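Report on the structure given below.
Values quoted throughout were computed directly from the atomic coordinates according to the rules given, and no laboratory measurement underlies them. All values reported here derive from a predicted model rather than from experimental measurement. No Cβ is skipped: glycine too gets one built from the backbone with ideal geometry, and neighbour counts run over all protein chains shown.
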Amino acid sequence: MQFGATLPQIKRSWQEARAVAEELDGLGFHSAWVCDHVYGVPQPNLPIFEAWTELAAVAAVTSRVELGTLVTPPFFRNPAILAKQVATLDHVSNGRAIVGLGPELGERMRALEETCVLLRRLFSEERVSFAGRHFNVSDMVCEPKPLRRTPLLVGGSGEKVLLRIAARHADIWNNLAVFQGQLAAKVDVLRRRCDEVKRDFAELRVSQQCVVVIEETEARARESLEKAKKIYGGHMGGALEEHGIWGAPERVIDCIERHRRLGAGLLVIEFFGRDTRVPARLFAEKVLPAFARA
């Protein structure tokens, strides 16, 4: 079981983002993640750092955590340019880049699959020519190559198309927080999609995007949970009490174990709190050891 966490990005300073990244790096977390939005959420005038630029800066001040996006839409950048950004990040980080990809609707699904194909080829072939419905490259060179076989994460919930794309191309499939209560059903569908494309399901890692509310006591956790449900609303806070991860450390461990039994091998955590280093420290001290032993 591995644990990643999100970095401050919206209405936060670089100093805050850097401090959290360095903390996660030192505490033993597997990975650090950012969202890839041009505008702030939920209001477009909210300041937000650009994802791949922030990750490159984080790479230079950390040494261990892997670095990824949750997620990069395919139309934001031509895949050839994205490949160069990822390869550069991989060298700056000494082989720690993860490419998180994922749309939800319509034509973006076709573009997602073309992006997966192009990235894999650009990361491995000397020259690439490709004529797709959405993207075209001619005799493209991507040098330097990433230092490792860069993991591709595909995030989303669509059972007919997106999970089939994940089965074909992804190293990691990420279940969105809003579908946390449906994790078992989504994993079952993903297994079937792997069977359909003749892919060994064991080659895929399942990750779960989630809010984690952790406090020293159950009473304080309950208070924070009520605040979190109001702040996050239906997107990240929907069914948080019923299906989410919250409580004092012992209860948090039980919640995570439930997710592990359903098939999750990686949690991408958004810690609840103004300074997310505080809950991250408690998590690292009281929760991580339970899974290190396992």
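Things worth noting here:
- Stretchable slack from R149 to D275, in nm (0.36 nm times residue separation minus alpha-carbon distance): 42.0 nm
- The count of lysine pairs in the chain whose Cα atoms are under 23 Å apart, excluding pairs fewer than 8 places apart on the same chain, comes to 8.
- Sequentially through the range 35-46, phi angles give Karplus couplings (6.51, -1.76, 1.60; θ = phi - 60°) of 7, 10, 10, 7, 10, x, 10, x, 10, x, 8, 6 Hz, Gly and Pro residues having no value and appearing as x.
- Note on S157 and S124: the extension gain reaches 9.0 nm, defined as 0.36 nm multiplied by sequence separation minus the Cα-Cα distance.
- Volume per residue that the Cα convex hull of the chain spans, once the total is divided by residue count, Å³: 124
- Relative contact order computed over the range 95-235 (Cα-Cα under 8 Å; 6+ residues apart), in percent: 19
- 18 Å reach of a label modelled at D139, 7 Å along Cα-to-Cβ, counting backbone N of the range 114-131: 122, 125-131
- Förster-model FRET efficiency, 45 Å R0, K198 and E226, C-beta, rounded to 0.05: 0.40
- From its DSSP helices (H runs of at least four residues, each -39,500 (n - 2.57)), the chain gives a residue-normalised ellipticity at 222 nm of -14000 deg cm²/dmol.
- Across all directions, the average flat footprint of the convex hull enclosing the Cα atoms of the range 82-182 is 6.7 nm².
- Semi-axis lengths (Å, descending) of the ellipsoid that matches the C-alpha gyration tensor of the range 1-144: 27, 19, 12
- Other-chain or far-sequence residues with amide H under 5 Å of Q208's (modelled H): N175, L266, L267, V268
- If you bin all the Cα-Cα distances of the range 1-81 at 5 Å, starting from zero, the percentages per bin are 3, 15, 26, 23, 17, 11, 4, 0.
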